[in-house]
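The values are calculated or read from the model by the stated rules, or taken from the named source; none is laboratory data. What you see is a predicted model; the values in this text were computed from it and never measured. All Cβ positions, even for glycine, are placed from backbone atoms using ideal geometry, and neighbour counts span all protein chains on display.
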Amino acid sequence: MEIKIDKTASDQRFDRFLRKWFKKYPQVRLADIYSVIRRWLVKVNNKKVKEQYRLKVGDSVQIHETVKLGAEDLSAITSQKDRKLEKVDIKKVKQQVLYEDGHRIVFDKLPGIPMHPGNKHRNDLCMNDYLDKYAEEYKTSTFKPSFGYRLDRDTSGVLIAAKSYEALQYINSIIRERDIDKYYLALVVGKFQKHLIIKKPLTKTYNKESDRSQVRVDYDEGLEATTECWLERFIQHPLLGPISLLKVKIHTGRMHQIRVHVSSEGFPVLGDVVYGNPGANRILYKSLGINRQLLHCRKYSFLDPFQNDQVTFEAPVPADFKKVLSGKAETTLLTNGDKKIKKVASRK
């Protein structure tokens, strides 16, 4: 059997390519794959290669006839995951697409959707599910469209997926080399200054009590992290008090970087249950019905090698941001012990 390598499979390790390719043959175990590599029963261009060999476009992978594959069983690679994808409303997914070309898909991610299933969201649809359903025609035996970076579950905004291995490599490289401009919007508690650059090293930790990963400022062992903030708008909210809308540029891409940095300066992101202000968060939820951190990935800009030009992708300001900035609140019933107080707020 012969397999021709195209650009979707190029630059992959030989063993990792085979692990993906053999998935449709469930009787072939992982140990069997490495066994046939060591015994030279699978070659590249009729030559013996080691498992770490990087495949190139045009390479030919030959599988010796003595390798027992058995019958294909597509259910081995289309099981619970595919049943989950049947729940995806493709019309709603399409409404989130900001832009698409032959190399990438740009989503306006909604808040409340995790990037991938986890212990707490195992049965919830996630962004990877949406992408798998939307871009299933671009999936090959060795590559499927993938996101170039992640956004927190409750963060909205620009989220870019690559439709080819080449495009995925590129966005990973420009993020790694910091050759990309990333701007966010954040609504924070307090009156922020006009411009501030926050340079504080960050360390990832694990909180056993909350069973979640957290980040803290750590000048001894933390990794370099730089966040630049500009004050876009300040309002004296009738319920929340002084709040500020910030434009934020992240010069590094650490976990929870914006949330930890602005909180460390005394201006926590509204709705942030980990690093935020509990009192402000309660008012935000009870009076405005907003139950998420008000952080939005507004814009991504970088040099596109496929067009040889600068490209910019921008997501509109979300409705919940506009609701807070309007300075209006709905009539609500707040409980103060056993006494209920009717409270009406309007713009001053």
Original post:
Taking the stated definitions as given, is Leu131 crowded, with 21+ Cβ neighbours inside 10 Å, modelled with pLDDT of 90 or more and out of contact with any helix residue (DSSP H, G or I) (no Cβ under 7 Å at 6 or more places or on another chain)?
Top reply: yes
Original post:
Can you name the residue in the stretch 240-281 that is part of a strand (DSSP E or B) and under 20 Å from Val158 (Cα atoms) and, of all such residues, is nearest to the chain's Cα centre (by Cα)?
Top reply: Ile250
Subject >> Count of residues meeting criterion [in a strand (DSSP E or B) and aliphatic (A, V, I, L, M)] in the stretch 284-324 >> reply: 3
Subject >> Restricting the stretch 7-58 to residues that are in a loop (DSSP other than H, G, I, E, B) and either assigned by TED's automatic domain parsing to the domain that holds Ser164 or in contact (Cβ under 8 Å) with a residue 60 or more places away in the chain (or both), the residue that is nearest to Lys163 (Cα to Cα) >> reply: Thr8
Original post:
Just wondering, is there one or more residues in the stretch 89-112 that are of a type outside the set (S, T, N, Q), at pLDDT below 90, surrounded by fewer than 12 Cβ atoms within 10 Å (Cβ to Cβ) and outside any strand (DSSP E or B)?
Top reply: yes
Original post:
Could you say which residue among Leu202, Leu168, Leu231 is surrounded by 14 or more Cβ atoms within 10 Å (Cβ to Cβ), free of Cβ contacts under 8 Å to residues at least 60 places away in the same chain and outside the structural domain of Gly276 (by TED's automatic domain parsing)?
Top reply: Leu168
